1. Can you tell me which of (1) within 13 Å of another protein chain (Cβ to nearest Cβ); (2) buried (at least 19 other Cβ atoms within 10 Å of the Cβ); (3) closer than 30 Å to B:Arg339 by Cβ is the one B:Ala303 doesn't meet?
2. Can you tell me which residue among B:Leu281, B:Leu293, B:Leu266, B:Leu261 is within 14 Å of chain A (Cβ to nearest Cβ), surrounded by fewer than 23 Cβ atoms within 10 Å (Cβ to Cβ) and either farther than 30 Å from A:Asn56 by Cα or within 20 Å of the chain's Cα centre (by Cα) (or both)?
3. Got a number for residues in segment A:116-127 being modelled with pLDDT of 90 or more and either facing another protein chain (nearest Cβ under 9 Å) or surrounded by 21 or more Cβ atoms within 10 Å (Cβ to Cβ) (or both)?
4. Looking at segment A:62-72, is at least one residue more than 14 Å from the chain's Cα centre (by Cα) and closer than 28 Å to A:Arg160 by Cβ?
5. Is it true that some residue in segment B:204-223 is farther than 30 Å from B:Asn286 by Cα, within 14 Å of another protein chain (Cβ to nearest Cβ) and touching a residue at least 24 places away in the same chain (Cβ under 8 Å)?
6. Which residues, taken from segment A:175-207, are in a helix (DSSP H, G or I), among the β-branched types (Val, Ile, Thr) and in contact with a strand residue (DSSP E or B) (Cβ under 8 Å, 6 or more places away or on another chain)?
7. Pick out, from segment B:243-311, the helices (runs of 4 or more DSSP H) lying fully within it that include 3 or more residues that are of a type in the set (A, V, I, L, M, F, W, C).
8. Does any residue in segment B:92-113 that is of a type outside the set (Gly, Ala, Ser) come within less than 8 Å, Cβ to Cβ, of a residue that is at pLDDT 90 or above and not in a helix (DSSP H, G or I) six or more places away or on a different chain, and which pairs are these?
Amino acid sequence: MNSLAKASTLSSENISVWFGQRQVLSDVNLVFPANKVTALIGPSGCGKSTFIRTLNRMHELIPGAGLAGSVYLDGKDIYAEDFDAVSVRIKIGMVFQKPNPFPTMTIRDNILSGLRLSGRKIENGDEVVETSLRRASIWNEVKDRLNDQAISLSGGQQQRLCIARSLAMNPQVLLMDEPCSALDPGSTRRIEETIQELSSSMTIVIVTHNMQQAQRVSDQTAFFLADDNTPGGVVEFGATEQIFNGPIDQRTNDYVNGHFG
Amino acid sequence: MSFAPRPAVQPWARVNTGRRIQILLASIVPILLTAAVILVTGLDRNVALMGVFLPLQLIAASAVGFRAFGRRGVGDAALIVFVVFFATFVLVLLASVVFSLVSQGAQAMSWGFFTQNNRYVSNTTSLEYGGVGHAIIGTLLVVGLTTVVTVPLGIAMAIYLTQSQSKTKGIIRTLTQAISGLPSVVAGLFILSIAITLDWQKSGFLGSMALLPLMLPTIARVAEEALRLVPVDLRYAALALGAPNYRAFFQVILPAAKSGLVTAILLGVARIIGETAPLILTVPINNGTSWNLFSGEIMTLPAYVYNYLGSAFVPSQNRAWGGALVLMILVAILFGATRILSRSKSLKSKPTKEKASK
């Protein structure tokens, strides 16, 4: 395995988002320090998922999308003209809410798909496959069936396969959009352990609806909220410990204690 | 927990003898009554089928349904009667077409009929001599050329219609659908007029070009549906891995849509393989074998059928039927082969259940 890429610091500056004429996010300023796990929490429809998609330029794939502000990866604006979307996405990986392995490929091919899709040469494929699967803690379950179709795996395994697929690209930042929302508690726990281990080599941003999960895996937490008919935004951002145990804003307090949302 | 032996009868499949008899009666009585009406009044059979049998059958089935389940039983019974009646109707129509084709064409069938050409055949020559070998070759060449040209065009159109966000998509889709209503004879005339204007000789190539506008909309539309069925998640997954659009398309979306695209090509071939009018207008026919699409005469199966169908001589009429049957067999072989080819690949890609349950 090549030496792991260094984790990077990611930050957003005054990110506002529109869909058509409707503004859905307003002035989001967050910093995701290297090797830290940041949880984005908040009720449905407050723009968390939209925000996370602006961080690796997946947002611009949605017809009618608009954006203001900047996202910096180690100080370089990923929306700058000399930084194209493809190279951004190679550096900043993403795991989606629904497991989406490529159904026409085997487990092995799924892991290598990122390298193939980005046009890289695969030199030590077996090693990449094993390392990636080990890092996503699914190696022991699939090592004897690497040539089986990916869709023969269970939902939880598929999601860890998707994580492994992102890891094979050796990203500096990993974005996870509710990665456990479709999974059972056992699979969720294993993915949380994986996140903990990964944070030593990359920066992680995770959207979650699960308060306990945010507390278990994250170092810092941002609470998003969209009041009726206003764009969403960050209400409070700080250390996870502080957000859950001593929030400054009353609305944060209500949300993390389950009083609304 | 322990295993229990499988029960002999599924609870939902227990036989209700009383109801069975009712259903049997409800099926037989309308037939007998209709037969009686026909015998007594001398009513036309087709009128009786729709005017007497169908209402009687509906009433009988509704009665049984009502006795069993009340009002919702009536709805179910009526639906079943309609579906079975009209499905049978269509099946009978289809079967009679196939039957007449097979029974009339069978006389012409022999190995020689598939392999020989008609060079030394006259209207009265016995069916032992001559055949459609030259027409099979011609059809395969003409349709093959059209397919080779149209498939990339049609799939490219489908790609454009599904992958781009351009504003002209709507217009192009509407135009494509409009072309699918183009009478085939007009397509033939269009190519013929071009040929006359440019002073080109008629040839198999012109026939291929005349078939193109007929095949294109079918392939474009079916392929568009096939590509649209690929979940957008997969495209996002590929792009999020840092794939440029074209690699995401060729390595992820296209393989996922493969069987649908094969269907698109098949339907396109089926659309044009029996087309007669454009070929009669643009392709000169002959009785000998020709492999040259670009000059001279070449025979195709639809033209062969057309050529002999109007003849007053019995052997020629039989040849026409035989040619039609060969055309149908050809389509069946093409479809069967493609289905088997695309299935054996997709079987390999199915999850291996035994291993998955480990």
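The values are calculated or read from the model by the stated rules, or taken from the named source; none is laboratory data. Because the structure is a prediction, the values reported are computed rather than measured. Here Cβ is always computed from backbone atoms with ideal geometry, including for glycine, and neighbour counts include all displayed protein chains.
1. In the conditions (1) within 13 Å of another protein chain (Cβ to nearest Cβ); (2) buried (at least 19 other Cβ atoms within 10 Å of the Cβ); (3) closer than 30 Å to B:Arg339 by Cβ, B:Ala303 misses (1) alone.
2. B:Leu261
3. The number of residues fulfilling the criteria is 2.
4. Yes - at least one qualifying residue is present in segment A:62-72.
5. The answer is no, given that none of the residues of segment B:204-223 is farther than 30 Å from B:Asn286 by Cα, within 14 Å of another protein chain (Cβ to nearest Cβ) and touching a residue at least 24 places away in the same chain (Cβ under 8 Å).
6. Result: A:Ile195, single match.
7. B:258-273, B:277-282, B:301-309
8. Taking only residues 6 or more apart or on different chains, the pairs are B:Phe113/B:Val132.
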